[in-house]
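Following: one structure in structure tokens, then a few remarks.
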Amino acid sequence: MQHPRACAARRIRAGIWVALLLAPHLACAAKQRIALDCVPERVTIYVDREALDAGTDTVELRIDEPHQIYVKGPGYEPQLIVLEPRVGEDGRTRLHPENVCVELVRVGVDRELTLEAEHDPEAPPPEDTQR
């Protein structure tokens, strides 16, 4: 018959091994699936400097850090998109933008520049500089 303390020590050691084996899986950061839509379709997509397999249309990324998506294709100007983690109104962190839609432009083609700006209604009006 074994001593009761020997059995308890064996159970504690077994518990420690189980905890050590499970720790890497329990400590993983949450991930978010990002949809990738590219025009033209035959482009090379890099996520954080790692090339994705051809035809990849979604990728799972950790939400606790920013990510870079770089898209390039022969004869097209490359494009860089940065995904930033943001805390939403529900208190959950999500990467933004949540879906990546890239429309590459051929090299040498003139294009129209679109600028979007947010207006803060609480901010004082800008001073008139033309007097």
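Looking across 37, 90, 64, 53, one residue alone is assigned to a loop (DSSP other than H, G, I, E, B), modelled with pLDDT of 70 or more and within 30 Å of residue 107 (Cα to Cα). It is 53.
On inspection, residue 81 qualifies as out of contact with any Leu (no Cβ under 9 Å at 6 or more places or on another chain) and either more than 28 Å from residue 44 (Cβ to Cβ) or at pLDDT 90 or above (or both). Checking each residue in the range 56-97 for being of a type in the set (Asp, Glu) and within 8 Å of the chain's Cα centre (by Cα) picks out 60, 65, 84. Here is the figure for the range 40-50: residues that are at pLDDT 95 or above, part of a loop (DSSP other than H, G, I, E, B) and surrounded by 12 or more Cβ atoms within 10 Å (Cβ to Cβ) total 1.
Kindly indicate whether residue 2 is under 26 Å from residue 92 (Cβ atoms) and either surrounded by 10 or more Cβ atoms within 10 Å (Cβ to Cβ) or modelled with pLDDT under 65 (or both). No. Listed conditions (1) surrounded by 10 or more Cβ atoms within 10 Å (Cβ to Cβ); (2) modelled with pLDDT under 85 are all met by residue 76, apart from (2).
The values are calculated or read from the model by the stated rules, or taken from the named source; none is laboratory data. As the structure is a prediction and not an experimental result, all values here were calculated from the model. Counting neighbours? That spans all protein chains shown, and the Cβs are built from the backbone with ideal geometry, glycine included.
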